[in-house]
């Protein structure tokens, strides 16, 4: 085992500190105060499907998908701490307009998945890997895994094996692992990336608890609301306390830095979600459609899209940024909070092997590339 591996000698328990590459990557994704205000550009079906329908073509033209992502990047990257991109349509089209001061997250999973009677099975983008994400300059790897604790046993094992292998590769290459979990409806048979309107909070929370196990190597969770966003009440309302308890359970299950995803929620709905998430210890957001979906409605008028993003889109981002700075938990506190903050298994803001012996104690990149 490499000495920079965050697992203990038995391979099960994490050491007290994260590793240098992972810690630097996480810091790159946050602002100087340790808050995550990140924009997602890796969406594929939510962008491709409307374009395909408007163009009346079997598939969305690649040039259109790339053009939409570039407009979003031009307007929102400057006011984000990091940008999440896919390697096919977003990276080449957008990387030249991403300020070098911004963190870079690359997605690994394919938007196409196997959907059978027992549940969904995730897979990587063809010819894409953790190693290539590290080589291209990514600060973090992002993976979405569809998961239900009540799925068929073989599906559950496939998803666990899939995530575990990615976690191992992120350890080997010492790159931060941003892991997204989404509960999905069994009845659906399409490549749907919408929030499940009938999801149950115990499915969301139990899923997080499963992948918080150190064997999966997750550094930052990207999580959905435990109840549909439209049902999240206003903070301080009569129904707020009961819902806050669910968000608190979500944060407790994560036990490490976590951020909220928007899953297509509207602006007002997502802001209510963030109020509850920040009170439960979230360190920020990694969101897309809540910020740019209204502007996308102007497509194919890219100039109108840009104007909408420069106005309402940026104003909404500034509103979320103010809320994040006032109410979220900064990265250093979230790392120290970790799994069992007072136990030998807790994360801490420093990194393993720090000190005068770093050249000797810090392991190299060994082993074969998976994925």
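What follows draws every value from the coordinates through simple rules; no lab data is involved. All values reported here derive from a predicted model rather than from experimental measurement. Neighbour counts are summed over all protein chains in view; Cβ atoms, including those assigned to glycine, are modelled from backbone coordinates with ideal geometry.
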By Cβ neighbour count within 10 Å, fewest first, 89, 258, 128 rank 128, 89, 258
By Cβ neighbour count within 10 Å, fewest first, 333, 180, 234 rank 234, 333, 180
CD proxy, 222 nm, the chain: helix-only mean residue ellipticity via -39,500 (n - 2.57) per DSSP H run with n ≥ 4, per residue, nearest 500, stands at -11500 deg cm²/dmol
Stretched fully, the stretch from residue 319 through residue 358 gains (0.36 nm per residue minus C-alpha distance, one decimal, in nm) 9.9 nm
Contact order relative to length for the range 43-193, counting C-alpha pairs under 8 Å separated by 6 or more residues, stands in percent at 20 percent
per DSSP, antiparallel bridges as share of beta bridges in the chain, % nearest 5, sits at 15 percent
Note: residue 234 to residue 63 extended length (0.36 nm per residue) minus current alpha-carbon separation gives 57.5 nm
Hits in the range 66-82: amide N under 17 Å from the 7 Å Cα→Cβ extension of residue 101, namely 74-82
For the range 54-123, shape from the Cα gyration tensor axes a ≥ b ≥ c, cut at a/c of 1.5 then a/b versus b/c, turns out oblate
What one gets for the chain as the Kirkwood radius, inverse of mean 1/r over different Cα pairs in Å, is 20.7 Å
Simple SL model, points at 7 angstrom along Cα→Cβ for residue 241 and residue 209; separation in nm is 2.4 nm
Note on the range 141-232: alpha-carbon gyration tensor, axes a ≥ b ≥ c; rule is a/c under 1.5 for rounded, else prolate if a/b larger than b/c, else oblate; result prolate
Mean separation of Cα contacts under 8 Å (at least 6 apart) over the residue count of the chain, i.e. the relative contact order in percent, is 22 percent
Ordered by fewest other Cβ atoms within 10 Å, a rough proxy for footprinting exposure, 85, 305 read 305, 85
With the label point 7 Å along the Cα-to-beta-carbon line of residue 53 and a cut-off under 18 Å to each amide N, the hits in the range 264-282 are 264-266
Reduced to Cα centres, the span from the range 268-319 to the range 59-110 in Å works out to 16 Å
Using alpha-carbon positions, the gyration tensor of the range 15-165 gives root eigenvalues a ≥ b ≥ c; with a/c under 1.5 called rounded, otherwise prolate if a/b exceeds b/c, else oblate, the class is oblate
